[in-house]
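Novice: Input: one structure, supplied below.
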Amino acid sequence: MIEKALSGSRKYYAWLAFLLAVIGFGVFAYIRQFNGGLSLTGMSRDVSWGLYISQFTFIVGTAVSGVMIASLCYLRDKKQYLGVVLLGEFLSVAAILVAILFIFVDLGQPTRVLNVMLHPSPQSIMFWDMVTLGGFLVLNIFLGWVKLSAEKKGQEAPSYIKPLTIISVLMVVVIHMVAVGLHMATTFIYPGLSSAEYLFSGAMAIRFVATAFASGAALLILVCMVVAASAQFKVSDKVIQLLAKTSCIAMIIGVIFYILQVNIAFTNDMTSHQASLLNLFVGSGGQSGIAPFMWVAIALAALGILLLLVPGLRRNKNILLMAAIMIVLACWLDKGLASSLGEFMPNSFGQITDYAVPINEIAVICGVYAIGLLVVSVLYKVVFAVVKAPCADSSECIGEQRKDV
Amino acid sequence: MYKSGRVLAFIAVFLLLVSFPFLAAFGNAGSDPVYDLSVQTSDATKVKCVESTDYMKSSHMKLLQQWRDDVVRNGQNDFISSNGQAIPMSLDDTCLNCHTDKEAFCDSCHSYSGVTMDCWDCHGTNSPDAKK
Amino acid sequence: MISRRDFLHTSLAIGCTGLGCVALSGCSTLSASIQTGQEKDNTAMSAGRFGLVVDVEKYKKSASFSLIASVCHKAHNIPRIPDDKQAIQWIREADYKACFSEAERQHVGIPSLDVKLPVMCNHCETPACVTVCPTQATFKRPDGIVEMDYHRCIGCRFCMAACPYDARSFNFVDPKPYIDQVTPNYPTRTDGVVEKCNFCVERLTQGLEPLCVEASGGSILFGDLDDPTSEVSQAIVSGTVLTRSEELGVEPGVKYLFREGHNND
């Protein structure tokens, strides 16, 4: 079936060529980094994890959440939700690959990466991160491909697909637990105070997972809208509304628990908890640090929730598009930028180390994202060729006409 | 054959790429490595050879890896050689103490055979060109 | 005639099996002929748990941090990186206030002192860095020292994120060009690995104390925390002892001693 990705319209080839060019820049930039050391990034002794890892945390949460919702829909009604579950599975394949690549480009000694497998360390949460992500990647490739093959042959998916889909849903839960565990294993220190109270709170864990689901569902909505416009592959409105409602509720939960965290910290006068939050929202020592991004994130989140909450607004395609973008952006600003970087500032001496992002680092990040986009484009091309989605706004969607291949 | 023109063309390109190293070096047989395994220290009486030359030729990489793990991870200091000597396990202090010219001793064979060593990323500080 | 699909599937299967066999063949156990011995070296220092005690007031009076730092950094081939943000530091100075939280100080009745204290890796009893290292490149020795295996480190820097004491440094560049004066017979590190204080293990095997202890003019003590007769154990009971970020429960091996009847300086 992969041969379907090799032929397409002019636009398709142009898109692939563009992606390959970006990947080329990224590879070139990475070679420079490989030879010159990680000094070619904005990282420093104080901010030892930078944009690479923050992209990783954002992508992992987002990727697995979207596909979990889609898989749950699929388990309810295979016919109707085949399109969206395939989109979700292949999106998560590309996203997990991107996440793994972000870890790889972040390593100081990448040629030694196999040490993680040669010397397994079950006490390390990072080991379990690698195991679960790797396993989830393989599982999703397998599930998506088998479903697609079955659809192409005009058959029902084989019987083992259902239990494997359930396993994939459970694995998402495990991956979230591992991701939260990884986040909590990090400690950030301010003058005399550690971030323990801020990080080790249950509210933090729930917020982490809730925003992952919010951005995951929103991203899947965006994907569905993009493929509807560019490839005329329409996913049913019912599913999109379900995703929108999920995203809205998840974001509300996330915001509530953030407010709860602030409340806990300030009403109980928990000094170090307060310090962490103040550092994120106000900055420190006269410098605003990461604060502006946090406030923008709050504004976007509030607006996004509002737009998704009101049914009349939510059903409007353009407003839905804007709302989904806002949610994804708000979560990215929070998780992919502010929380990851802001927690390193100020350092133990009370200084805010600025993170000046060099072009090289941006190029590598763009290259990695472009690889993800390439994988998703190729896989989606196959999906579009095999699965016919004739629905416009009716509730039936998939399966009547199959392209003869 | 389906699309035979394209297939044959790409096969030709592939063969060219794969044989490129041989084509590029055509006619240059290269010379054998000039290595010098002699010991360069006046203190040769103090420490006899760690193991026989034949053993070292075949297994020096395994020996060094074992030394590395024993010193760093197992906290051991001395190696009991096959003739009963207790030898401190140290690249800088033991090996390079006698075989001081790393170019003649190590690089000559390793460059020729194309086996990269990353020892010198960190070790070798007691040689004159330590900063290289 | 085999179909293209079946041909691809079969060759993939054979290829993977072949690769697997090749990979596994490299896993031969090291030859049994390599023996290593633990020669009972009488000069080597040993301990149940090595620890350090900083006598704060004595340190303030008689120690020079620049001397201590230069001795440590020179002997271990620590580079001087031009970009301050990416500096490598095994031992640093920290403001007294930054070391101990206000609550801690008030609780034990110690006033604020105007002093900068030496801070280094605490060689914790339950080190967070060891728990999170995905390759066990950082590990805890039986004698309590948290060691680094620079050969195995993949440079993921999770240990740096997990360490609550900011004790670790990463080599953002190849350090060798930035070493002022290379100390022979001690290795450097390479770019892409994390490093930190190692309680001068190389000196301990020769029965010598760590360099910071030696250069501290008697204000930093070193010894076996598990041995009640050692210098450090006796020092600990002679006054009030604080460790950094005690509430985290990792039980640091570096203690800061405040003797009775201290002055408000």
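Novice: Failed condition for C:F139, given (1) under 18 Å from A:F104 (Cα atoms); (2) part of a strand (DSSP E or B), with all others met?
Specialist: Among (1) under 18 Å from A:F104 (Cα atoms); (2) part of a strand (DSSP E or B), the lone unmet condition for C:F139 is (1).
Novice: Give the residues of segment A:117-163 that are among the basic types (K, R), open to solvent by 50 Å² or more (accessible area, probe 1.4 Å) and either within 22 Å of C:T135 (Cα to Cα) or in contact (Cβ under 8 Å) with a residue 12 or more places away in the chain (or both), sorted by residue number.
Specialist: Within segment A:117-163, A:K152, A:K162 meet the criteria.
Novice: Moving on to the next point. Just checking, does segment A:199-210 include any residue being in contact with a Ser or Thr (Cβ under 6 Å, 6 or more places away or on another chain), assigned to a loop (DSSP other than H, G, I, E, B) and in contact (Cβ under 8 Å) with a residue 60 or more places away in the chain?
Specialist: Checked against the condition, which is being in contact with a Ser or Thr (Cβ under 6 Å, 6 or more places away or on another chain), assigned to a loop (DSSP other than H, G, I, E, B) and in contact (Cβ under 8 Å) with a residue 60 or more places away in the chain, segment A:199-210 yields no hits at all.
Novice: To continue, here is another question. Take segment B:1-24 and flag every residue that is more than 23 Å from C:R4 (Cβ to Cβ) and among the hydroxyl-bearing types (S, T, Y).
Specialist: Listed by number, the list holds a single entry, B:S19.
Novice: Also, I was wondering about something else. Look at A:I125 and say whether it is of a type in the set (A, V, I, L, M), within 7 Å of chain C (Cβ to nearest Cβ) and in contact with a helix residue (DSSP H, G or I) (Cβ under 8 Å, 6 or more places away or on another chain).
Specialist: When the stated conditions are applied, A:I125 passes them.
Novice: Ok, one more. When the residues of segment B:71-92 are narrowed to those that are in contact (Cβ under 8 Å) with a residue 12 or more places away in the chain and part of a helix (DSSP H, G or I), which ends up least open to solvent (accessible area, probe 1.4 Å)?
Specialist: If we take residues in segment B:71-92 being in contact (Cβ under 8 Å) with a residue 12 or more places away in the chain and part of a helix (DSSP H, G or I), then B:D92 is least open to solvent (accessible area, probe 1.4 Å).
Novice: Given (1) within 13 Å of chain A (Cβ to nearest Cβ); (2) aliphatic (A, V, I, L, M); (3) not in a loop (DSSP other than H, G, I, E, B), where does C:V173 come up short, assuming only one miss?
Specialist: In the conditions (1) within 13 Å of chain A (Cβ to nearest Cβ); (2) aliphatic (A, V, I, L, M); (3) not in a loop (DSSP other than H, G, I, E, B), C:V173 misses (3) alone.
Novice: Only one of these is more than 28 Å from A:C366 (Cβ to Cβ) and at pLDDT below 90: A:Q155, A:Q123. Name it.
Specialist: After applying the criteria, what remains is A:Q155.
The values are calculated or read from the model by the stated rules, or taken from the named source; none is laboratory data. Computed from a prediction, not measured in an experiment: that's the story for all the values here. All Cβ positions, even for glycine, are placed from backbone atoms using ideal geometry, and neighbour counts span all protein chains on display. For accessibility, only protein heavy atoms count, side chains too; no ligands or nucleic acids. Shrake-Rupley method; radii C 1.70, N 1.55, O 1.52, S 1.80 Å.
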